Amino acid sequence: QQQVKQSPQSLIVQKGGISIINCAYENTAFDYFPWYQQFPGKGPALLIAIRPDVSEKKEGRFTISFNKSAKQFSLHIMDSQPGDSATYFCAASKETSGSRLTFGEGTQLTVNP
Amino acid sequence: GAVVSQHPSRVICKSGTSVKIECRSLDFQATTMFWYRQFPKKSLMLMATSNEGSKATYEQGVEKDKFLINHASLTLSTLTVTSAHPEDSSFYICSARDFSSNSPLHFGNGTRLTVT
């Protein structure tokens, strides 16, 4: 059972553009929603995370938008750069589970110069 | 910040042999660590939760006799792939969290296992 669905599978954006990746979840008990960035041959690195009590969180060029009623959240990368080219994963967990994360399928982002 | 170190980064072994992968929390104590498996261009699938001083908790469908987990200290968890077969070839990643400081989950850099 895929509890976190992510789209698109791949995304190509021009330098300076906005990259948008979307995720939807099923389990209403999830209360922590992080986004991870992964480069080839490396482990995932936490980018930004949000909890359901806020609708938006911004850190630098990265913004999470969260819609609790729709059970959806998205990552926006402003002013996308070639160095942002990587695979992005959304995830979700229940805090009481001790950080057991359920990951989305991943989005391969390519930012062209 | 909290750092998780994983070793080795790459390993090649022959079918039938066993391989041990180490996961260390470098500047914090981790009573719980998590082991994930990732196939090429695929997502991370949680294999098991490693608990210091007690048995690991395995996810449904993960063979506990195939993937032995030992968490003997507060900074070290090991994953041993026993009697490895080519289908065990994958990218194995551990993660840990410093609950004492309420820091987020940190991942190691993964181990690329190739079974020939």
Inset, instruction - Answer with yes or no whether residue A:36 is hydroxyl-bearing (Ser, Thr, Tyr), farther than 30 Å from residue B:8 by Cα and either in contact (Cβ under 8 Å) with a residue 12 or more places away in the chain or more than 10 Å from every other protein chain (Cβ to nearest Cβ) (or both). - result: no
Inset, instruction - Kindly indicate whether any position in segment B:66-89 is closer than 24 Å to residue B:12 by Cα, in contact with a Phe, Trp or Tyr (Cβ under 8 Å, 6 or more places away or on another chain) and surrounded by fewer than 17 Cβ atoms within 10 Å (Cβ to Cβ). - result: yes
Inset, instruction - Would you list the strands (runs of 3 or more DSSP E) that sit entirely within segment B:5-116 and hold 1 or more residues that are touching a strand residue (DSSP E or B) at 6+ places or on another chain (Cβ under 8 Å) and without any contact (Cβ under 8 Å) to a residue 40 or more places away in the chain? - result: B:44-51, B:67-73
Inset, instruction - Name, by its number, the condition in (1) modelled with pLDDT of 95 or more; (2) among the aromatic types (Phe, Trp, Tyr); (3) within 30 Å of residue B:112 (Cβ to Cβ) that does not hold for residue A:32. - result: (1)
Legend entry - Selected residue (criterion: nearest to residue B:57 (Cα to Cα)) from residues of segment A:88-113 that are more than 8 Å from chain B (Cβ to nearest Cβ) and buried (at least 18 other Cβ atoms within 10 Å of the Cβ): A:93
Inset, instruction - Go through the residues of segment A:85-102 one by one and say whether even a single one is part of a loop (DSSP other than H, G, I, E, B), within 21 Å of residue B:34 (Cα to Cα) and within 10 Å of the chain's Cα centre (by Cα). - result: no
Inset, instruction - Would you be able to say whether some residue in segment A:60-70 is assigned to a strand (DSSP E or B), touching a Pro at 6+ places or on another chain (Cβ under 7 Å) and within 19 Å of residue B:36 (Cβ to Cβ)? - result: no
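The values are calculated or read from the model by the stated rules, or taken from the named source; none is laboratory data. Predicted model, so just to flag it, every value in this text is computed and none were measured. Reconstructed Cβ throughout: ideal geometry from the backbone, glycine too, with neighbour counts over all protein chains shown.
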